[in-house]
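FYI, it's all coordinate maths here, none of it is from the lab. These figures come from a predicted structure and were not determined experimentally. Every residue, glycine among them, receives a Cβ derived from its backbone with ideal geometry; neighbour counts consider all protein chains shown.
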Number of protein chains: 2
Amino acid sequence: MSSPLSARRSQIIACAVNLANTGGASALSMRALAAALNVRPMTLYYYVPNKAVLLNLIVAEVAEQIAWTSAPESPRDELVSHALDVYQALATNSWIPDVLRASTQAGAPPILVAEPFIASARGLGFAEADAVGLWRATWFLISSQLQSLGINAGTTPTVQAPASAEMAGLAVYVRALIDGMIITTLNSERAEICDLKEGLNPRRKLLHPDVGCQSCSYSRGDPAKPPF
Amino acid sequence: MSSPLSARRSQIIACAVNLANTGGASALSMRALAAALNVRPMTLYYYVPNKAVLLNLIVAEVAEQIAWTSAPESPRDELVSHALDVYQALATNSWIPDVLRASTQAGAPPILVAEPFIASARGLGFAEADAVGLWRATWFLISSQLQSLGINAGTTPTVQAPASAEMAGLAVYVRALIDGMIITTLNSERAEICDLKEGLNPRRKLLHPDVGCQSCSYSRGDPAKPPF
């Protein structure tokens with residue numbers, strides 16, 4: 001009890017994740033957690049006010065463990081792969097959909113915070129609010145897909161790779177959402193104008209604003225050549 | 001009992017919607033519904049096997065009542081307005097978010113079927129599977145937004161217009177998703193090439209494929225002028 005609040009809370013969350021890993025989401029009661037921590041329920045409530053908060057903390061904890069895929073050559077692809085990283089990390093734990101459903105039912109649908117996604121969106125030129133909004137919409141797609149997966153309550157939790165067909169399906173719509181936001185929100189004039197001059201399909205460039213023009217010799221890092 | 005299954009079911013759903021309208025989602029138990037219908041619970045279960053099915057039927061019923069906004073001059077805008085029609089119809093009933101959350105918790109997240117949306121998407125050139133997939137992803141955005149609204153269990157249900165800020169926020173991402181799918185999935189070459197020839201920003205045309213080219217004299221209905 002001498003450790004600060006956050007340290008104690010980390011301990012509690014680690015214990016809760018452990019409970020879910022061994023017994024599934026249904027094993028996650030405040031009572032069972034207090035017993036596993038060897039504290040009285042009232043003590044637990046001091047750190048975690050209710051089950052909805054507990055479930056949100058667990059989802060945040062899983063997010064902490066995500067190994068982010070990097071695709072620095074294309075900021076747009078990086079956004080897509082960050083989104084799929086989140087889906088993959090969550091879908092790997094069979095009890096996560098149950099936790100998301102239970103949180104939603106409790107009136108506190110968790111929004112997992114994907115800092116790398118937001119940072120990449122900022123790097124692509126999105127304003128803070130748009131970057132956050134784009135992540136929120138992307139998370140809606142991810143979490144809805146997760147919540148449409150089967151119920152695992154009562155069964156032995158498993159850790160397995162998510163179905164690749166589901167991943168591929170999700171990727172299509174995440175990519176479309178991101179592309180749509182790039183096109184409608186970002187000022188991508190430079191790449192567009194460059195491609196228009198070349199008489200090219202402007203789509204290719206829009207989605208790779210950092211690589212310069214592939215047909216003319218303009219490249220971002222080439223100071224000798226003015227942009228247009 | 002002499003009426004066919006579907007007629008009896010319609011009666012049951014109407015009664016359930018009535019229960020929700022007067023007592024909120026929490027008033028929707030199979031027992032209370034049986035009592036309101038003046039039948040034994042076992043009889044009710046014959047028509048509606050469980051509560052998850054009941055909740056899905058109710059959402060489908062609300063969808064039946066939607067007055068679809070038409071925007072025939074732009075198929076893309078029509079898709080957007082169909083999506084917002086769905087959000088508006090559902091958000092108007094304060095108990096709908098609770099019903100969606102309860103369905104999700106029961107492991108059967110409802111996917112409201114928006115036939116006009118799918119028909120408009122087909123008209124725009126999407127293949128059947130892509131039209132259905134686009135609707136599903138759009139529904140993920142709509143239903144997640146609805147489920148993030150407050151819990152109304154126990155409070156008196158209200159019927160009121162959804163907050164316009166939420167509508168506007170949702171519209172941004174629905175529009176981006178649709179635009180992204182139009183650009184990445186549809187073969188929009190014709191409009192693009194036409195605009196490229198004119199040295200115009202190709203985006204405008206992409207999103208209004210039916211109106212012909214606004215700068216050259218090509219119009220869809222003009223047989224004297226070959227497309228390109």
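Protection proxy ranking of B:130-138, B:25-33, by the mean of other Cβ atoms within 10 Å over each peptide's residues and highest first, is B:130-138, B:25-33. Evaluating 6.51 cos²θ - 1.76 cosθ + 1.60 at θ = phi - 60° for every residue in the range B:114-123, the Karplus couplings come out as 10, 3, x, 4, 5, 4, 5, 5, 4, x Hz, glycine and proline recorded as x. Within 10 Å of the Cβ of each residue in B:170-179, the mean number of Cβ atoms contributed by other protein chains is 6. What number does the range B:5-62 give for Rg over Rh if you use C-alpha atoms and the Kirkwood radius? Using only Cα positions, Rg/Rh for the range B:5-62 is 0.90. Taking amide hydrogens as placed 1.01 Å from N in the peptide plane, the amide H of A:Ser29 sits under 5 Å from that of no residue at least 5 positions away in sequence or on another chain. In terms of the mean number of neighbouring beta-carbon atoms within 10 Å, the peptides B:112-123, A:68-79, B:174-185 order highest first as B:174-185, B:112-123, A:68-79. Rounded to whole Å, give me the distance from the Cα center of the range A:89-144 to that of the range A:6-79. Using only Cα atoms, the two centres lie 16 Å from each other.
Using the Karplus relation 6.51 cos²θ - 1.76 cosθ + 1.60 with θ = phi - 60°, the per-residue 3J(HN,Hα) values for the range B:26-40 come to 5, 7, 8, 9, 4, 5, 5, 5, 4, 4, 5, 8, 6, 10, 6 Hz, with x marking Gly and Pro.
How well do other chains shield peptide B:91-102, expressed as the mean number of their Cβ atoms within 10 Å of each residue Cβ?
On the way: counts 0, 0, 0, 0, 0, 0, 2, 2, 0, 2, 7, 2.
Other-chain Cβ atoms within 10 Å of each residue's Cβ, averaged: 1.
Counting only other chains, and only Cβ atoms inside 10 Å, what mean value do you get across the residues of A:108-118? Kindly include the intermediate steps, with their values, before the conclusion.
Values: counts 2, 6, 0, 2, 0, 0, 0, 0, 0, 0, 0.
Partner Cβ neighbours, averaged per residue: 1.
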